[in-house]
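Here the structure comes first, spelled out in structure tokens, and everything after it is commentary.
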Amino acid sequence: MKLASIARSALVLTLLLAPVACAPVAPPPNPVAQATAASLKAQTLSLLDVAGDPYANHAAEVTALTAKIDAAASAAAADPLNALSARQWDVLRDPNRALYGGTIALWQSQGTLGPAFRDQKKIQIGRAFDYILCLEANKAQTTSCGQPEEGGAS
Amino acid sequence: MSQFDDFLAAAKANLTVLGKDSFDGYSDQVKAMAEAALDKAKVNLALWTGQLAAGQLTQAEFENLVKGETDLTEIAGYTAAGISQAEAQRLRDAVTVSVINTAIDTFLKSRPAG
């Protein structure tokens, strides 16, 4: 009888502590975030295709895409466990860096972007999205992402 | 100091931050992925230097591409760290479930009926 009581107490203690032990250290997988990132990658690369045109001709498209990227960044930052993904989005969109945000800033200041630059920048930003997608895929299960997309720069 | 040396120094500074300050315990994987990004950057830099000399890139475009490689190194580091973090989470979840199952087996299922 006494043994059963001790056993019950031990079980209760185990179950009470389980939520603490189970407190996640990594964010849960998010298929929506994965699909959003893939879509934003495609839209960004398409936008770079027309960056040989004057910036003013595409300012509205840039504003729309930037808003979508900002929304993805905000969604990532909403979960404190998702800090690494949130940092990736911040680097990608920062106009003072040299990926999406910095490239848009250069397009704006230069007026147009040259063909050689656009080709190389598409590869570079594509790789940045691939790293974001790789991290997202690995939240669900261990996933080999292979080499990020390569192109003319290799 | 050449532009490549400047870039390399900046990239190494990034690696130091990624490896030591932000991602304790994950630095090997972070460094491996970031070093691969650095190797790639070295190849790219040779191409871009030629394109700059040939007038195919403006100086601002060249600088943007070089800085972009450093930014990529940082993003790659976050991916490496996140993969380690997710794997650690899955391992911990599995261990926790195992502990609970063991507790149930030990304390409930083995309890004599009545």
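Read-outs throughout are calculated quantities, based only on the coordinates presented, and are distinct from any laboratory measurement. As the structure is a computational prediction, the values presented were derived from the model and not from experiment. Ideal geometry is used to build each Cβ from the backbone, glycine not excepted, and the neighbour counts take in all protein chains shown.
For segment A:36-95, which trypsin sites (Lys or Arg not before Pro) are both in a DSSP coil and crowded by at most 11 other Cβ atoms within 10 Å? Qualifying residues, ordered by number: none. Each Lys or Arg adds one and each Asp or Glu subtracts one; over the other residues with Cβ under 11 Å from the Cβ of B:Leu52, this totals -2. One chain, two ends: A:Ser109 and A:Ala59. Fully extended at 0.36 nm per residue, the span grows by 16.8 nm beyond their Cα-Cα distance. Note on A:Lys68 and B:Thr49: their simple-model spin labels are 3.8 nm apart, each label 7 Å out from Cα toward Cβ.
Amide H contacts for A:Arg97 (H built 1.01 Å from N in the peptide plane; partners 5 or more residues away or on another chain; cut-off under 5 Å): A:Gly102.
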